[in-house]
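As structure tokens, the structure follows; a few thoughts come after it.
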Amino acid sequence: MPRLKIIAGAALSAILATATGGLAQDVIGKDEFQQRCAACHGMDGRGDGVVAGLFATPPKNLTGLSKANAGVFPRERVYNSITGTHKIAGHGSSKMPLWGRYFTDEVRRKGLADPTPMQKAESDIVRGRILSLVYYIESIQAE
């Protein structure tokens, strides 16, 4: 039954995102960004957050990722940067990204072949958080 709820929830999210032109996903991603990324990257993602001046290497201006990648948003690299599999010095080691377990999929990290239903549900939630952020960051790209 829990698996059915997860599938139904994912389907509903997909329908809402499609029906509203991505509005539901944008709202969730924007909220995640403002709560967890804006202190460093700024409310608009331009690298000018309230603590940005504390870093020897300033936080990246996330609005220029597509432009720096020949007009193509580097979705996979952004996803991997958030999970810690694409090393970014300011985010800490790959074992402890800045937000730790919040954006770390324990099932994937441990390589569990047969996760429990709870581990699977937690893994899906983590991927949802990360994807919400990735899609939001894609939506704030400068033209």
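The values are calculated or read from the model by the stated rules, or taken from the named source; none is laboratory data. The structure presented is a predicted model; accordingly, all values stated were derived computationally and were not measured. For neighbour counting, all protein chains shown are included, and Cβ atoms are generated from backbone atoms with ideal geometry for every residue, glycine included.
Would segment 75-82 turn up any residue that is of a type in the set (Val, Ile, Thr), at pLDDT 60 or above and assigned to a helix (DSSP H, G or I)?
yes
Which of the numbered conditions does residue 112 fail, given that it passes all the others? Conditions: (1) hydrophobic (A, V, I, L, M, F, W, C); (2) over 13 Å from the mean Cα position of the chain (by Cα); (3) modelled with pLDDT of 75 or more.
If we test residue 112 against (1) hydrophobic (A, V, I, L, M, F, W, C); (2) over 13 Å from the mean Cα position of the chain (by Cα); (3) modelled with pLDDT of 75 or more, just (3) comes out false.
Residue 97 versus (1) assigned to a loop (DSSP other than H, G, I, E, B); (2) at pLDDT below 85; (3) farther than 22 Å from residue 42 by Cβ: which is the lone unmet condition?
That leaves (3) as the condition not met.
Can you list residue pairs whose Cβ atoms sit under 9 Å apart, with the first residue in segment 53-81 being closer than 19 Å to residue 33 by Cα and the second being among the hydroxyl-bearing types (Ser, Thr, Tyr) and modelled with pLDDT of 90 or more? Count only pairs 6 or more apart in sequence or on different chains.
73/66; 74/66; 75/135
Can you confirm whether residue 13 is modelled with pLDDT under 90 and assigned to a loop (DSSP other than H, G, I, E, B)?
No; evaluated as a whole, the condition is false for this residue.
Tell me which residues, restricted to segment 29-50, are surrounded by fewer than 20 Cβ atoms within 10 Å (Cβ to Cβ) and assigned to a helix (DSSP H, G or I).
Passing the criteria: 30, 31, 34, 35, 36, 38, 39.
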